[in-house]
Amino acid sequence: MRFSNSTVRVFALCLILMTSVSGAWAQLFETKAVNALMIDAGSGTILYAKNPDKLIPPASLAKLMTMEVVFNALKVGRLSLDDEFQVSENAWREGGATSGGSTMFAELKSTIKLEDLIKGVIIQSANDGCIIIAEGMAGSEENFAILMTERARAIGLPKSVFKNSTGLPAEGQFVTVRELARLAHHIWREYPEYYKYYAEPQFTWNKILQRNRNPLLRMDIGADGLKTGFTEDSGYGIVGSIDREGRRLFVAMSGMQSKNQRAEEARKILDWGIRAFEEIELFAEDEIAGEAKVYGGDKSGLPLSAINPVSILVPITNRDRLKARIVYQGPVEAPVEAGTQVGVLRVWIGKTLSQETKLYAAEDIGEGKLHQRAFDAVEELLIGWLR
């Protein structure tokens, strides 16, 4: 692995290349959550991370994945909102009023339209609604959980494993806050016509009105989603999103000690995320970001650029905490065609890897003449082992 020594760009905020990031720096923000990750939807910047990859039981946050499976089926036409699902005895017993968990009070052997089940699951956190959907789509909760895990892999979540549709405790069922935040971002981006359900304040079913359990919706901070959860093992958790001042943030947190602490910690970090950062453009479209060393080419350096403009959110204070480096396998062996991915630009805010952007060859590099290749071979023999 090679780190570019070329100057990326000189910013007033002192964006510089470096080969290491000090682990001694304190976080820019402190939270009582045990695990947390917050991302900016527009730039993809990770604004905060604390134990983001620790495996934790999902509790009701698993219902985000349940809905992703449903929304995907709606998007590709396998289901419609008017499809009706029957309430089995298993769904009624395991997820209904007698179960002691969250429920939409579905009546045994009744039929319910899918749109109402979606509202029950999202707004009321209905366990019976989840089981009804799972059985109707896959024949059993076990089969549906396999679909959930398969969809997790398909959308780029490599660690999450699901064993049921509700998030109720089950051996081997785990998620991470990083993947929960990515899942929420994915749902918002891919299913805007269904994401709106997460912002609905209440839902009535079987003549019983229940309010949305997401405390952020009642805080007048621009929140429009998503879900809360609780388990004895991982404490109180939340996945939330706000759309305010032209920016959208997603946060996933777990390990709070009470409902009140969960609500307050989520509000504080989202408020901080809006107020403590500003967006800057690192590179315009096709602007040269740096250079990679070439082996055996007609040029010694290969200019690198991103396909799209590269922007990032930077802290308003402590701007010297922003660091970047170009990473590639090198030297790059010629010939190289323009458009070939060569490396990545990695940017840190403090000790958090906040953004990673693919970099591509900005021009063709042909094979060098014999004496150029010979010189490169000798140079690699003498200093290559130092990399």
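The values are calculated or read from the model by the stated rules, or taken from the named source; none is laboratory data. All of these numbers come straight from a predicted model, not from anything done at the bench. Here Cβ is always computed from backbone atoms with ideal geometry, including for glycine, and neighbour counts include all displayed protein chains.
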Exercise. Assuming Phe203 fulfils every condition listed in (1) part of a helix (DSSP H, G or I); (2) of a type in the set (Phe, Trp, Tyr); (3) over 21 Å from the mean Cα position of the chain (by Cα) apart from one, which condition is it?
Worked result: (1)
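So is Leu209 outside any helix (DSSP H, G or I) and either free of Cβ contacts under 8 Å to residues at least 12 places away in the same chain or closer than 25 Å to Ser258 by Cβ (or both) or not?
yes
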Seminar exercise, completed: Residues in segment 195-214 that are within 17 Å of Thr66 (Cβ to Cβ) and out of contact with any helix residue (DSSP H, G or I) (no Cβ under 7 Å at 6 or more places or on another chain) total 2
For this session: Kindly list the number of the only condition in (1) touching an Asp or Glu at 6+ places or on another chain (Cβ under 8 Å); (2) in contact (Cβ under 8 Å) with a residue 40 or more places away in the chain; (3) within 19 Å of Gln261 (Cβ to Cβ); (4) among the hydrophobic types (A, V, I, L, M, F, W, C) that fails for Leu217.
Result: (2)
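Per-residue answers, yes or no, for (1) over 25 Å from Leu168 (Cα atoms); (2) touching a Ser or Thr at 6+ places or on another chain (Cβ under 8 Å); (3) at pLDDT 95 or above:
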position	(1), (2), (3)
Tyr194	no, no, yes
Phe203	no, no, yes
Asn212	no, no, yes
Pro215	no, yes, yes
Met219	yes, no, yes
Gly237	no, yes, yes
Ser241	no, no, yes
Exercise. Would you say Glu291 is at pLDDT below 95 and over 23 Å from the mean Cα position of the chain (by Cα)?
Worked result: yes
For this session: Report yes if Phe277 is crowded, with 16+ Cβ neighbours inside 10 Å, of a type in the set (Phe, Trp, Tyr), at pLDDT below 95 and more than 18 Å from the chain's Cα centre (by Cα), otherwise no.
Result: yes
Problem set entry | Top-ranked residue in segment 1-57 [being modelled with pLDDT under 75 and among the β-branched types (Val, Ile, Thr); ranked as surrounded by the most Cβ atoms within 10 Å (Cβ to Cβ)] | Val8
For this session: Among the strands (runs of 3 or more DSSP E) lying completely within segment 215-287, list those that include at least 3 residues that are of a type in the set (Val, Ile, Thr) and not assigned by TED's automatic domain parsing to the domain that holds Val347.
Result: 235-244
